[in-house]
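Colleague: Right, I'll just put the structure down here and ask away after.
Read the figures in this text as sums done on the coordinates, not as results from a lab. Keep in mind that this is a model prediction, so the values were computed, not measured. Cβ placement follows ideal geometry from the backbone for every residue including glycine, while neighbour counts extend to all protein chains displayed.
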Amino acid sequence: MNSSRVRELSACVLSGFLAIAGLASCAAIPSSGANKYGVRDVVSTPELPVKIVDVDDKAARRLIAANSRQRFSDAFVERREVGYGVGAGDVIEVSVWEAPPAALFGATVIDPRAGAATARVVTFPDQMISHQGTIRIPFAGAIPAAGKSPQQIEAEIARRLQGKANQPQVLVRVTRNATSNVTIVGEVSQSTRMPLTAKGERLLDAIAAAGGVRQPVGKMTVQLTRGSSVHSMALDTIIQDPKQNIVLYPGDVVTALFQPLSFTALGATGRNEEVQFEAQGISLAQALARSGGLKDERADAKGVFIFRFEDPSVLGGSTGDEAVTPDGKIPVIYRVDLKDPRSFFVAQGFPMQNKDVVYVSNAPAAELQKFLNILTSVVFTATGLGNIGR
C-alpha cells in the first residue's frame, strides 16, 4: 500500500469519526453524572414527584427551623417522684421488731445479752419477688411487692401484723437489684448495667459508670431508648445544657454512637465517597470541605446539588394526594450557585441530613476538553498511520 493510499484511508477514517463524534459527543464522552442542565430539566412524574428548590437565605432558615432536633428535656417527661419500686426477680430482706413484751416473735432477740425489756427482732430469709409480684411473711400472708417502694412494703407488713405482734416495726432492704437498672452500650470503655437508686441517676452518670466514651466528645451522639421512644442528642450539647442531663428510669438503654450520620459526595468533588459526620450536624460548606471541595479543572460552581427525601411540610405544603415514599417524604433537589458570593453565607447555614447526596456537575468547558482530547488522540493516530505509509 503506497503512502497516498494510506493518507486517503486515514482521512476517510478521521472524517467518519468526526461525523459520528459530532452527532454523539454528549453520549459518548465519559462522565460521572448528569450536567447541571440535565439536573435542572429533570421531569417530575406522578410516580416520582421530584421538586427542585433554589437555595437562598430564606430557604436555609426554613430548613434550619424544620430540622431542629427534639431535645431530651422535651421528649422525655420527668416524673416528680425519684424513688423506684421493686419488681419481680428482685431479692429483699425483711426484719420485724416487736416492742416488749413480744407477743408474736418473742423467741428471737437482737442481742443475746439483752434483757426481757429489749425489743425483739426476727429477720426472715431473703426472698425473691415472685412473677406474681408478691412475697410471703408469716402471719401476714402474701404481700404485694412489685411496683412498690421498700417503705410501702414495710407499711403494708406492719399493718397486717397489727393485733398479732406488739407494736410491730418493719424494715425492708433490697439485697439484689434485678429490675431497676439502666443498660449502657456502644462506644464506651465498658458496656455495663448500672443499678438505679433513690438518688436519681442521670444520663451523664450512666456514661461515667461505663468508663466514659472512647472517642472525642464533639464527635459523639447519645441515643436514649425508653420503651418505644428513641431519641438522640449530641453529647457535647448534653454537657453544655444541664436540662438535657435527664433522670434515668428502669429499663432505659443508653447508647453512645460515634459519628452515626453520613452523606455521599459524587461528581466533580475532590473525593467521591461516603462521609461520616456527628449528631450536632454540619453545614453544606463543611460537607463540601470534608469531601475535598470542588475540583478546579472539572467542577461547575453553578451546578452544586443536594438530593434528599424531604418531609412535604418543610417545603410549606402538605402530603395531600402527592405520590410519596412509604415513609411520607418526597424527593427534592436543592440547587446552589456557588458563583454567587452570597451563596457561601447560605452554605454555612444549610443543614446536611443523614443519607443526603451531594452532587457537583462537570463544567461545560470540562466536557469540551474531554471531547477535544478524544479528537486529538484520533488525529495523532491518523498522522501516525500516514507516517508509517511513507
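Colleague: Take the Cα pairs of region 215-264, get the Kirkwood Rh, then feed it into Stokes-Einstein at 4 °C and 1.567 mPa s and tell me D in µm²/s. Spell out each step's value before the answer.
Modeller: Numbers: Rh = 11.7 Å.
Stokes-Einstein gives a translational diffusion coefficient of 111 µm²/s.
Colleague: Quick check on packing: order 326-334, 175-183 by the mean number of other C-beta atoms within 10 Å, highest mean leading. Intermediate values should be presented prior to the final figure.
Modeller: Values: 326-334: 15.1, 175-183: 17.2.
Ranked from most to least packed, the peptides come out as 175-183, 326-334.
Colleague: If you don't mind, there's one more thing I want to ask. Can you give the FRET efficiency to the nearest 0.05 for residue 126 and residue 243, using r as the Cβ-Cβ distance and R₀ = 41 Å?
Modeller: Using R0 = 41 Å, I get an efficiency of 0.55.
Colleague: Further question on the same structure: Which of 295/355; 58/243; 148/199; 58/219; 58/295 have a Cα-Cα distance over 19 Å? Don't jump to the answer; show the numbers that get you there.
Modeller: Numbers: 295/355 23 Å; 58/243 31 Å; 148/199 17 Å; 58/219 29 Å; 58/295 28 Å.
Table pairs above 19 Å Cα-Cα are 295/355; 58/243; 58/219; 58/295.
Colleague: If we sort 277-284, 212-219 on the protection proxy, mean other Cβ atoms within 10 Å, highest first, what's the order? Numbers along the way, then the final one.
Modeller: On the way: 277-284: 19.5, 212-219: 15.0.
My ranking of the peptides, most packed first, is 277-284, 212-219.
Colleague: Estimate the FRET efficiency between residue 264 and residue 342 by the formula 1/(1 + (r/R0)^6), using the beta-carbon distance for r and 22 Å for R0, to the nearest 0.05. Each step should come with its number before you reach the end.
Modeller: On the way: r = 27 Å, r/R0 = 1.21.
Efficiency at R0 = 22 Å is approximately 0.25.
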